[in-house]
Amino acid sequence: MSTIQYERNVRVSERTATTADAFALGETSAMSRTRSVADSAPGIHRRTVLAATGAVALSAGVGYALRPSDSQAATTTGTADAPVASSRKAPPAPLAPYTRGTTLASVSAPRGSSGYRRLGDGPGWERVVRDELAAPRSGRAGRRTALAAFVQLTDLHIIDAQHPLRLEYLRSTDVHAWRPHEALTVQGAIALVERINALRGAPVTGAPLHFAMTTGDNTDNNTRSELDWFLKVMSGGRITPNTGDPRHYEGVQNSGLKLYWQPDEAARDADKQAGFPHLDGFLAAAIREVRSPGLNLPWYSTVGNHDSMPLGCYASHGDSYLTEAAVGGKKLMSLSAAEAKKLQDAIKDAKDPAGVQYHQFLKTHARDMRSVTPDEKRAPFTPTEYLKAHLDPAYRGLGPAGHGYSSANLDAGTQYYAFRVADDVIGISLDTTNSAGHYQGSLGEGQLRWLERTLRDNKDSYAIVFSHHTSTSMDNTLPDPARPGERRVDGDELLALLGRHRNVLAWVNGHIHRNDITAHTGADGHSFWEISTASHVDFPQLARIIELVDNKDGTLSLFTTLVESSAPHRTDFADLSQTGLASLYRELSLNAPGASTELGGKARDRNTELLLKKGSTTRH
């Protein structure tokens with residue numbers, strides 16, 4: 001893998017939380033549809049445009065001049081069959097909670113306590129009421145009104161498992177530096193899409209879901225193959241998760257090296273000695289064509305460090321040698337533990353953010369590399385290419401066009417935006433990656449000013465902020481070579497800004513591969529919640545539904561409910577179908593050597609009700 005093993009070790013500090021008994025579920029009214037706040041084109045009624053358009057830069061507080069974007073142009077044509085960015089239609093009233101397929105109903109549970117453990121159906125996780133920021137008032141279940149509901153997916157890490165520049169060989173010093181299930185990320189992600197599509201309403205209110213948001217590390221190694229697969233997983237299409245030789249897999253899992261699980265071979269590699277199975281046909285099945293239905297609701301995209309930089313940590317765009325190595329016919333598969341430790345430490349300690357030493361490292365080990373089939377699809381993509389791919393009509397699905405990004409982002413060279421979620425709610429997607437290198441994050445000062453203007457000029461709307469990095473993982477203040485002279489802003493400064501705006505309700509993020517929910521209170525007493533969600537590449541492989549409701553008693557509630565993929569908990573080693581591989585993906589991730597057992601978080605970080613006092617400056 002690349003640098004995920006370090007990111008999962010970044011831990012948000014534990015805080016004492018007070019919990020209460022689970023609340024009673026109640027009925028609620030339907031929410032309004034996802035809308036843009038852009039002005040309408042001449043001759044078109046403004047409300048019609050608001051109901052149809054997707055994510056565009058807000059008309060107030062933008063950091064660049066607002067003009068018709070690709071997203072707007074695609075949804076204001078007046079054609080009846082044009083895709084529109086709207087939530088599912090509300091079911092007939094009265095709405096009822098929909099918990100089927102969520103972790104409230106059932107959770108995959110390990111059988112046994114040692115060795116290779118199989119998975120089965122386990123009891124669901126109860127909901128915990130968190131009252132650090134506001135006291136719960138009786139009777140609120142019967143009063144509440146739904147304002148918004150959406151799904152967060154994060155850290156999918158769609159992996160081109162045969163890519164020449166992957167760092168599998170670091171496993172000689174860190175057993176978790178390569179995972180036995182990494183060839184199945186596409187099948188696992190498709191099963192997650194299928195789960196979201198099967199949700200008929202929100203778990204608490206029953207209201208239709210507005211949209212899905214990915215909060216970064218959508219790809220793993222900043223490669224065009226991974227970007228294509230990610231966009232097809234989300235928007236629908238056929239995917240062959242294979243590069244190089246179209247006839248068969250070429251990588252560490254058929255290398256004969258006992259450092260890696262060799263599923264098709266009888267050899268007793270290190271993983272088989274730990275109980276991993278011998279599965280004839282596994283690699284052929286892993287690279288077989290699969291189909292994603294695509295999400296059946298609009299989806300938006302937030303960028304992560306693995307989407308921005310090769311290996312998620314090297315600011316090496318423009319290095320022709322590394323690009324040639326990515327698409328070329330040589331791959332390093334083994335390394336001594338001492339050399340692996342040296343390279344790992346250089347990445348972890350940000351000693352080589354520009355990848356200069358990594359470049360030299362590959363040259364030094366050129367004679368140790370094995371031959372593989374070259375493939376241009378393995379080339380790294382630039383931030384501009386990332387934006388253009390999102391704007392490509394081939395990847396639109398249900399939209400919106402650009403999935404949050406617009407031609408204005410292309411012109412300005414930015415990867416942040418704001419969008420209208422509902423009448424009273426806006427969403428703000430930030431770019432917390434630092435193009436100077438290293439896997440930790442920060443913000444440029446220009447983006448911070450844009451964020452403050454956006455919050456101030458939309459003070460009558462509640463705000464949900466999205467980013468990849470968490471507050472505690474934003475400590476990378478290396479100067480950004482793309483914007484020389486601009487100061488980088490860390491997590492503490494961003495927390496302070498969010499704490500000054502009473503309309504901010506939540507900051508939703510990922511990166512640490514762990515469920516963690518933290519209460520924050522600003523200097524003036526304004527409070528909000530930081531909601532960090534586990535990845536879909538490490539067990540327990542989760543996504544999160546978030547519902548915002550008005551309790552009609554001076555408080556708001558954010559309900560968080562975790563979901564697994566649609567794949568059955570129980571695996572069948574003889575089933576190498578698309579669904580069978582998705583089940584195996586989950587079970588292998590449970591058993592990955594060195595995998596943390598704490599990424600699911602505590603009960604207070606899973607299914608929750610997060611109470612807030614209603615801000616006096618926001619709409620009632």
I'd like the Karplus ³J(HN,Hα) series for segment 524-539: coefficients 6.51, -1.76, 1.60, θ = phi - 60°, whole numbers in Hz, and an x wherever there's a Gly or Pro. 8, x, 6, 10, 7, 10, 9, 10, 9, 10, 5, 7, 10, 10, 10, 4
Given a 1.4 Å probe, how much area per residue of segment 167-237 is accessible, in Å²? 13
Full-extension gain in nm, Arg367 to Ala603, via 0.36 nm per residue minus C-alpha separation: 79.9 nm
Which whole-number value in Å² is the accessible area per residue of segment 558-620, probe 1.4 Å? 34
For segment 551-619, count all C-alpha to C-alpha pairs, find those more than 21 Å apart, and express that count as a whole percent of the total. 53
Give me a comma-separated list of calculated 3J(HN,Hα) values for segment 389-406, in order, Karplus coefficients 6.51, -1.76, 1.60 applied at θ = phi - 60°, integers in Hz, x for any Gly or Pro. 5, 5, 7, 5, x, 5, 10, 6, x, 7, x, x, 4, x, 6, x, 7, 9
Taking 0.36 nm per residue of separation between Lys351 and Ala394 and subtracting their Cα-Cα distance, the length gained on full extension comes to 11.5 nm
Mean Cβ count within 10 Å, highest first, over the residues of peptides 522-530, 442-450: 442-450, 522-530
Setting aside same-chain residues fewer than 8 positions from Lys602, which aspartates and glutamates have a Cα under 13 Å from its Cα? Glu14, Glu126, Asp516
Which residues' amide hydrogens lie under 5 Å from the amide hydrogen of Ile545, considering only partners 5 or more residues apart or on another chain, with H built in the peptide plane? Gln152, Thr561, Leu562, Val563
Assigned charges on the beta-carbon of Lys, Arg, Asp, Glu; segment 336-442 dipole about Cα centre (debye): 480
Under the rule of at least 5 residues apart or a separate chain, name every residue whose amide H is placed under 5 Å from the amide H of Gly122. Val107, Ser108, Ala109
Per-residue ³J(HN,Hα) for segment 502-512, Karplus 6.51 cos²θ - 1.76 cosθ + 1.60, θ = phi - 60°, Hz, x for Gly and Pro: 5, 7, 6, 9, 7, 10, 10, 8, x, 6, 7
Largest-first principal axis extents of the Cα set of segment 182-341 (Å): 54, 42, 32
The pairs in Lys258/Lys341; Lys363/Lys388; Lys272/Lys331 lying past 27 Å Cα-Cα in this model are Lys363/Lys388
Excluding residues fewer than 8 positions from Lys614 in its own chain, the lysines with Cα under 18 Å of it are Lys459, Lys552
Would you calculate the separation in nanometres between label points at Arg238 and Lys258, each defined as 7 Å from the Cα along the Cα-to-beta-carbon direction? 4.3
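The values are calculated or read from the model by the stated rules, or taken from the named source; none is laboratory data. Just so it is clear, the structure is predicted and the values come from calculations on it, not from any experiment. Please note: Cβ atoms are built from the backbone with ideal geometry, for glycine as well, and neighbour counts cover all protein chains shown. For the accessible areas, the whole protein counts, side chains as well, though only heavy atoms, and no ligand, DNA or RNA atoms are used. Shrake-Rupley method; radii C 1.70, N 1.55, O 1.52, S 1.80 Å.
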